[in-house]
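Please treat every number below as a calculation from the coordinates, not as lab data. Everything quoted here is computed from the prediction, not taken from an experiment. Cβ atoms come from the backbone with ideal geometry, glycine included; neighbour counts cover every protein chain shown.
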Amino acid sequence: MSVLIIFLTATLATLGVAAILGRRRLREAAPPALRGGLAVMFLVTGVSHFAGLRDDLVAIVPPVLPHPELLVTVTGVLELAGAIGLMLPRTAAWAAGGLGLLMVAIFPANIYAATAGLTLAGEPATALLPRTALQLLYIAAAVVVVITHWRRAVFSDSLGNLNAVLPRAYGPAGAVDEAPSAGIVLVSRLRLRSARHVPGFLFASLRLRRALRRAPGALWFDLAAQPLTATFWTWSGWTDEDAMRRCTRSALHAHVMRTYRPHLQESTFRSLPATQAPATWPEVRGMLDAPTPTPAER
């Protein structure tokens, strides 16, 4: 029950802060409060996987599962990572969804602890019925966070296909807390010939995303993917055109394009000044779908 107290205390404290700041409507204040409650709760439970309750948590792993100590370590890391993800609006939906799935996955351990008469912190494990109710409460809170932050994590096209959007990566010239001012913006669409190349291309894209964090003149980089149609989009901001070209002509970028060019059905790139830059992902897609204007039309 101590976990419930932590969750409720953190949630109510966040609601109180929202009320002080003037957000009086419960509909507006509740989702961030639940996000805060879950974040604090999973920070505490995640730490307990390594200190305090570790031996008890190892003991409640069902005997049919191998390497109980490793499982406790892995779930502890996932809980801590999820707690951190909940604190960031751009990753809150992914974190809440992942933690919701994790709670479902570890529920057999709660069943085993309740039915085998095991203890946690010297107290009998919570009975199965109350434990189930608590688990449903936490999962419901996670679902609320997913729903309220869903638009930051995905967008849908006119056909209803969902597109996963990774959190924005910032380069040396960008700042997380400030909206960077770009001199030039680059958008692209890359469609693979087959979905079997999606995992490899995604991994290569993540390597490029990581390299951009160190690229001089890079402001930000956004990546979206539609796995079912094997399509990727990028949206990046740069201080100037020279900085953008240095990155697109880098050895890593050239290697990725050379490797996957035979597997590309289509690749479209458009660079434009910041004054003409898109503001949303639907605008990015619309810009790439539109025919490129000829010099006479510009």
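Remark: the Cα gyration tensor places the chain in the prolate category, a/c being 1.5 or greater and a/b exceeding b/c. About its Cα centre, the dipole of the range 2-152 is roughly 900 debye, where the only charges are +1 on Lys and Arg Cβ and -1 on Asp and Glu Cβ.
Here the dipole of the range 157-289 is about 720 debye; that uses its Cα centre as origin and unit charges on the Cβ of Lys and Arg (positive) and Asp and Glu (negative). Using 1/(1 + (r/R0)^6) with R0 = 45 angstrom and r between the beta carbons of I5 and R245, what's the FRET efficiency to the nearest 0.05? Between I5 and R245 the formula returns 0.20. Sparsely packed loop sites in the range 234-265 (the trypsin sites (Lys or Arg not before Pro) outside DSSP H, G, I, E and B with at most 15 other Cβ atoms within 10 Å) comprise R249.
For the chain, the longest principal axis of the Cα atoms and the long axis of helix 128-148 meet at an angle of about 20 degrees. To the nearest ten degrees, helix 198-212 and the longest principal axis of the Cα atoms of the chain are 80 degrees apart.
Footprinting exposure proxy ranking of H67, H255, H49, fewest other C-beta atoms within 10 angstrom first, gives H67, H255, H49. Positive-end ranking of T275, H149, A173 along the dipole of the chain, with charges on Cβ about the Cα centre, is headed by T275. Take the Cα coordinates of the range 68-115, assign each an equal point scatterer, and use the Debye formula without solvent to give log10 I(q)/I(0) at q = 0.21, 0.30 Å⁻¹. Evaluating at q = 0.21, 0.30 Å⁻¹ gives log10 I(q)/I(0) of -0.73, -1.06.
Between E28 and R131, the FRET efficiency from the beta-carbon distance, with R0 = 35 Å, is close to 0.65.
Taken about its Cα centre, the chain carries a charge dipole of roughly 820 debye when the Cβ of each Lys and Arg holds +1 and the Cβ of each Asp and Glu holds -1.
Ordering G237, F203, G36 by Cα displacement along the dipole of the chain toward the positive end leaves G237 in first place; charges were set at the Cβ atoms of Lys, Arg (+1) and Asp, Glu (-1).
Think of the chain as having a plus end and a minus end, set by charges on the Cβ of Lys, Arg, Asp and Glu; of A19, Q135, L192, L192 sits farthest toward the positive end of this dipole. The overall shape of the range 228-289, judged from the alpha-carbon gyration tensor, is oblate: a/c is not under 1.5, and a/b is no greater than b/c.
Per residue, the average separation of C-alpha pairs within less than 8 Å and at least 6 apart gives the range 157-289 a relative contact order of 36 percent.
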